[in-house]
Amino acid sequence: MQSLLREIREEFNKFYPDISKKLTHTQMLKLATFVDDLIKWNQKTNLIGKNTPSEIFNELIIDSLYLKEAILTIKKRFQKNIFKFLDVGCGAGIPGIPFRIVYENGEYLMVERRKKRAIFVSYMTKKLKLKNTKVLMKNIEQVCGIFEIVLSRAFCPWRDFLTLSKKYLNPKGLCVVFSNSQFKNEKLNDFLLLDEFSYKIKNEKFRYLWLFEKKAPS
């Protein structure tokens, strides 16, 4: 574990110094624990396609940490930082688990219909003692509730995801889409692009978070 912790710390310091200076030792340790367990479980159960700590960190976990930065930029919109999150199709707990390690405010609900993934996410949530963070092994259609922020990393095509998210968003709620490309000025029926948050990962490529809000009724 200590060698893995050092590796992650080195990755942070070298490639993401803006994030590194904000992380506590406890958060680093929890991230290392998550990566370690994810690799061990992945050897027995096909949870993700990545197999090394560096791949998992730079291709998966880093998105969760920049999600926190994006959320911090929109606090003024709600005049608070206590949100109810809905994470649709959370898979192996990304972005949810790393995000909740670094952002404990509010309530976070992860929904995953596949049993093995839901069991792993529930196990990690308890092991890492993540506050106000739950996982439901259900189809998204079975979920009830209204949320300030609905997000998904790779559940379905983004236009379909916007359509799906409408019934779960409160009037000022936001839908977050993870993307490898900039948003093109496309016409949308029910949503407006509020903001686009960009960040660079290890391979010098940019990634993006698209923040959508529902259009006001005409």
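Sorted from largest to smallest, which semi-axis lengths in Å does the alpha carbon gyration tensor of region 163-202 give for its equivalent ellipsoid, taking the root of 5 times each eigenvalue?
22, 13, 9
Where does each of 15-24, 156-165 land if you order them by average Cβ count within 10 Å, highest first?
Highest-to-lowest ranking by the protection proxy: 156-165, 15-24.
Return, for the Cα atoms of region 1-74, the radius of gyration and Dmax in Å, separated by a comma.
For region 1-74, the Cα radius of gyration and maximum Cα-Cα distance read 12.6, 40 Å.
If you project the alpha carbons of region 61-101 onto the principal axes, what extent comes out on each, in Å, largest first?
Ordered largest first, region 61-101 gives principal extents of 32, 19, 14 Å.
Testing the spin-label approximation: label points 7 Å from Cα along Cα→Cβ at N105 and L188. State their distance in nm.
2.3
Would you list which aspartates and glutamates come within 14 Å of K138, measuring only between C-alpha atoms, while excluding same-chain residues fewer than 8 positions from it?
D87, E112
How many percent of Cα pairs in region 40-159 exceed 24 Å? If you can, show how the numbers build up before the last one.
Details: 1666 of 7140 pairs.
Roughly 23 percent, rounded to a whole number.
Report, ordered by chain and residue number, the lysines lying within cross-link reach of K166, taken as a straight Cα distance under 16 Å and ignoring same-chain residues fewer than 8 apart.
K84, K214, K215
When averaged across all projection directions, what area in nm² does the alpha-carbon convex hull of region 101-218 cover?
8.8
Over region 2-214, one equal point on each Cα, no solvent: what is log10 I(q)/I(0) by the Debye formula at q = 0.16 Å⁻¹?
Debye output, listed in q order: -1.11.
No lab work stands behind these numbers, since they all come straight from the coordinates. Since the model is a prediction, treat every value here as computed from it, not as a measurement. Note that we place each Cβ from the backbone using ideal geometry, even for glycine, and neighbour counts take in every protein chain shown.
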